[in-house]
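Have a look at the structure below before the remarks.
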Amino acid sequence: MNHKTIKLLRLSYLRGPNLWTYRPAMEALIDIGDLEDCPSNTLPGFYERLTAWLPGLVEHHCGVGERGGFLLRLREGTWPGHIMEHVALELQNLAGMQTGFGKARSTEVRGVYKVVIRTRQEEVGCQALLDARDLVMAAIEDTPFDVAAAVRGLKALIDRHALGPSTASIVDAASQRQIPAIRLTTGNLVQLGYGSKQRRIWTAETDKTSAIAESISRDKDLTKRLLAACGVPIPQGQVVTSPAEAWEVAQDIGLPVVVKPSDANHGRGVSLDLSTQAAVEAAYALADAEGSDVIVERFIPGQEHRLLVVGNRVVAAARGEQACITGDGRSTVMALIEAQINTDPRRGEEEEYPLDTIRLPENSLVMLELSRQGLTPDSVPAAGQVVLVQRTGVMTHDITDEVHPEVAEMAALAARVVGLDIAGIDLVATDIAQPLEAQGGAIVEVNAGPGLLMHLKPAVGQPRPVGEAIVEHLFGPRDNGRIPVVGITGTQGTTPVALLLGAVMHRAGLATGVACSDGLYVQMQRIDCSQPSDWEAGQRTLMNRCVDAAVLENSPRSILDDGLSYDRCQVGVVTDVPLPSGLQDHHILDRDQMRTVLRTQVDVVLPQGCAVLNADDAVCAGLAELCDGDVIFYSQADRHDLQAAHCDAGRRFLLVQQAQVVLWRNHTATPLLDLTHPAVADLLQHHLPLSALLAAVGAALALDLPPPLVRAGVETAAPFFAHA
């Protein structure tokens with residue numbers, strides 16, 4: 001039966017490096033049916049409808065390599081799978097998740113294609129492909145499609161599932177330094193680095209952030225007492241327990257005053273510049289609803305500032321802005337807020353906006369501010385009357401370069417006194433470019449887990465690299481958070497290779513994690529034999545803070561289903577590249593396609609790393625040209641055709657000569673292992689083939705383990721195979 005439609009046969013999320021890209025991606029298997037006979041240049045009006053809906057497609061270079069390249073392909077004629085790829089990428093870009101990589105490839109089945117797009121979030125990539133299919137079909141059939149609604153839906157998914165902008169800035173900064181990241185929850189808890197070298201962040205808190213310090217920062221009264229004891233200027237204040245006491249203390253301190261909760265953040269429940277009993281008592285109710293205690297303190301005249309301290313230095317600073325409206329004699333306060341404040345493109349409901357939309361009557365602080373001026377949301381201010389709507393909690397202007405060195409030093413001292421490694425220091429000063437004491441300025445709060453968005457996207461001024469500052473705080477200049485990772489793939493002997501290499505590394509004193517088809521091992525003790533997926537097993541190993549090195553087995557199917565569980569590796573082992581078997585559902589049918597799958601392991605070897613390849617398999621040996629690092633060949637023969645050229649290049653070659661494993665380098669032979677040694681002979685007879693032994697020895701040498709230690713590790717490895 002004829003059908004002109006696009007069927008989605010399968011959607012898969014590739015969570016790590018895969019045969020398409022180093023990054024996570026969505027792969028769709030689609031069937032375009034009779035549309036195989038309908039390239040884009042044969043569909044009347046298709047080009048015009050598609051480009052009218054998505055004018056940004058002009059920026060897609062496609063294979064042409066220049067602006068407008070994809071549109072050229074559209075005019076010349078291309079197929080729906082390729083078009084879906086570009087539409088899905090553009091929809092993600094419009095939603096604020098910038099991506100550029102995509103592929104569309106035909107299979108051996110007529111009309112069936114693989115469409116792949118880079119995505120930073122599974123739910124977003126999946127929906128983008130679904131929307132792309134519907135949009136392309138609407139353009140083909142000349143039916144309506146609501147692009148704006150699709151983009152709103154993707155934005156909602158980003159807001160719900162993706163890392164927040166503060167956390168994302170830190171992860172991106174780590175990525176720039178080649179520091180790997182693992183998201184530990186669906187929220188913002190992220191691991192940077194692997195195994196014992198890892199650090200953890202939770203938005204702007206780190207595993208260096210003291211729980212005691214965080215508790216101190218939540219207690220504003222205790223914080224002030226500690227700061228005052230260390231000579232940090234603070235406003236005079238006192239904890240109160242009732243509206244009447246709040247007014248009494250306000251008079252003792254001297255009006256005007258500030259009323260705020262003792263343990264709230266982000267300006268919630270904070271009322272400033274209060275001079276009347278009614279205002280103080282109303283502010284008490286607002287503060288009491290937010291925190292356990294209420295503080296009344298002296299009002300410091302000046303402007304609000306937020307200084308971000310990371311690792312005992314100020315890395316960014318922002319100044320607050322008051323939000324005001326001007327009456328026209330006709331419009332209500334509510335209407336003026338909508339017209340003069342909420343239309344600001346910097347304001348919005350989502351976290352990505354530096355300023356919040358003001359909603360009445362939900363915003364109790366704004367309602368209190370209006371009541372102090374004798375106004376309600378329905379009042380009509382006179383023409384030219386300026387009405388203060390919001391006086392606190394709106395940090396908009398970057399002023400990092402204006403901060404006086406003494407002010408920066410005082411802010412860093414405040415963070416140290418509380419004990420926070422990352423802190424948001426709130427201070428009030430008339431002029432941030434002058435010392436605080438001379439102008440009567442003061443530090444009013446020290447906050448743990450400070451928001452970073454005001455510094456990443458200031459409404460006015462220059463964005464600051466606060467993510468980079470936090471990464472520098474966590475990792476030294478030469479520290480990339482990596483442990484030695486060995487990845488092993490192929491179809492022959494990969495599990496014995498993993499176990500033997502783990503035994504050798506254990507003998508070398510490394511706390512080694514091994515994830516293979518036989519289970520999960522830590523220090524060669526099996527801790528789980530449930531056989532989770534290769535990806536899950538690898539992730540669990542890399543999340544273990546006890547692990548100093550990792551050996552991870554990856555089957556061809558796991559690479560196709562999930563991708564690799566690590567971004568890069570120190571050593572990549574490929575045991576063979578055979579004809580594929582059992583991979584028909586992925587349309588992997590010949591040896592060239594199998595090579596494309598298994599080359600993934602070689603592609604991720606670090607430039608300072610090494611690939612270990614079976615020279616007895618010509619296709620496997622051919623992967624050497626793809627490696628960014630060094631290459632060690634191994635062969636069961638006593639000589640090999642590739643040996644001379646490989647050794648001429650200063651590289652290593654393992655051969656079996658006169659019952660010895662011999663290392664050739666620079667045409668010099670070094671015997672490594674006697675295969676007639678009883679322990680080695682027993683290992684070969686009962687536990688693993690010779691090719692697996694050679695691969696494990698090659699990987700150990702690639703890790704720069706000394707040959708005597710490698711020999712000792714192999715000769716004592718048999719007990720670790722007892723329950724394998």
Some residue of segment 405-414 being at pLDDT 95 or above, within 40 Å of the chain's Cα centre (by Cα) and more than 18 Å from ALA433 (Cβ to Cβ): yes
Selected residue (criterion: surrounded by the most Cβ atoms within 10 Å (Cβ to Cβ)) from residues of segment 1-60 that are of a type in the set (S, T, N, Q) and over 29 Å from the mean Cα position of the chain (by Cα): SER40
Test result for ASN544, crowded, with 24+ Cβ neighbours inside 10 Å, touching a residue at least 24 places away in the same chain (Cβ under 8 Å) and among the polar types (S, T, N, Q): no
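Okay, residues lined up against (1) of a type outside the set (D, E, K, R); (2) touching a Cys at 6+ places or on another chain (Cβ under 9 Å):
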residue	(1), (2)
LEU613	yes, yes
ARG639	no, no
VAL656	yes, no
ALA659	yes, no
LEU701	yes, yes
LEU709	yes, no
PRO719	yes, no
Unmet requirement for ARG391, which otherwise passes all of (1) at pLDDT below 95; (2) charged (D, E, K, R); (3) surrounded by fewer than 18 Cβ atoms within 10 Å (Cβ to Cβ): (3)
All positions within segment 38-76 that are farther than 20 Å from GLN92 by Cβ, at pLDDT 95 or above and not in a loop (DSSP other than H, G, I, E, B): SER40, ASN41, THR42, PHE46, TYR47, GLU48, ARG49, LEU72, ARG75, GLU76
Any hit, segment 630-646, residues being more than 22 Å from ASP576 (Cβ to Cβ), assigned by TED's automatic domain parsing to the domain that holds ALA549 and not aromatic (Phe, Trp, Tyr): yes
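Taking the conditions exactly as written (modelled with pLDDT under 95, more than 19 Å from ASP146 (Cβ to Cβ), of a type in the set (S, T, N, Q) and crowded, with 19+ Cβ neighbours inside 10 Å), does THR99 satisfy them or not?
It is true that THR99 is modelled with pLDDT under 95, more than 19 Å from ASP146 (Cβ to Cβ), of a type in the set (S, T, N, Q) and crowded, with 19+ Cβ neighbours inside 10 Å.
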Some residue of segment 18-34 being charged (D, E, K, R), part of a helix (DSSP H, G or I) and free of Cβ contacts under 8 Å to residues at least 60 places away in the same chain: no
Counted residues, segment 472-530 - those being crowded, with 17+ Cβ neighbours inside 10 Å, part of a strand (DSSP E or B) and out of contact with any Leu (no Cβ under 9 Å at 6 or more places or on another chain): 3
Pick from segment 417-431, criterion assigned to a loop (DSSP other than H, G, I, E, B) and more than 18 Å from LEU272 (Cβ to Cβ), ranking: farthest from the chain's Cα centre (by Cα): ASP431
Qualifying residue in segment 582-591 (condition: closer than 30 Å to ASP31 by Cα and polar (S, T, N, Q)): yes
VAL115 at pLDDT 95 or above and in a helix (DSSP H, G or I): no
Among (1) out of contact with any strand residue (DSSP E or B) (no Cβ under 6 Å at 6 or more places or on another chain); (2) in a helix (DSSP H, G or I); (3) free of Cβ contacts under 8 Å to residues at least 60 places away in the same chain, the one test that ALA128 misses: (3)
Criterion: small (Gly, Ala, Ser) and within 29 Å of ASP31 (Cβ to Cβ) - qualifying residue of GLY96, GLY100: GLY100
Pairs with Cβ under 6 Å, 6+ apart, first in segment 469-492 and at pLDDT below 95, second not in a helix (DSSP H, G or I): GLN492/THR575; GLN492/ASP576
Check on GLY81, at pLDDT 95 or above, assigned to a helix (DSSP H, G or I) and under 29 Å from GLU350 (Cβ atoms): no
Helices (runs of 4 or more DSSP H) fully within segment 136-221 counting 1 or more residues that are charged (D, E, K, R) and under 30 Å from GLY269 (Cβ atoms): 147-161, 211-218
Single condition GLU90 does not satisfy, out of (1) in contact with a strand residue (DSSP E or B) (Cβ under 9 Å, 6 or more places away or on another chain); (2) buried (at least 18 other Cβ atoms within 10 Å of the Cβ); (3) of a type in the set (D, E, K, R): (1)
Inter-residue pairs, beta-carbon under 9 Å, first within 20 Å of VAL697 (Cβ to Cβ) and in segment 500-527, second crowded, with 22+ Cβ neighbours inside 10 Å and among the charged types (D, E, K, R), 6+ apart: VAL514/GLU553; CYS516/ASP534; CYS516/GLU553; ASP518/GLU553
One residue from ILE399, ILE341 being under 17 Å from GLY327 (Cβ atoms) and surrounded by 15 or more Cβ atoms within 10 Å (Cβ to Cβ): ILE341
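Out of the residues in segment 173-187 that are in contact with a strand residue (DSSP E or B) (Cβ under 6 Å, 6 or more places away or on another chain) and within 25 Å of GLY419 (Cβ to Cβ), which is surrounded by the fewest Cβ atoms within 10 Å (Cβ to Cβ)?
Checking each candidate, the answer is LEU184.
Here is a yes/no grid of residues against (1) part of a loop (DSSP other than H, G, I, E, B); (2) more than 33 Å from the chain's Cα centre (by Cα); (3) within 30 Å of ASP288 (Cβ to Cβ):
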site	(1), (2), (3)
LEU336	no, yes, no
ALA339	no, yes, no
LEU365	no, yes, yes
GLY374	yes, yes, yes
SER379	yes, yes, yes
VAL387	no, yes, yes
THR396	no, no, yes
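The values are calculated or read from the model by the stated rules, or taken from the named source; none is laboratory data. Quantities reported herein were computed from a predicted structural model and do not represent experimental measurements. Note that we place each Cβ from the backbone using ideal geometry, even for glycine, and neighbour counts take in every protein chain shown.
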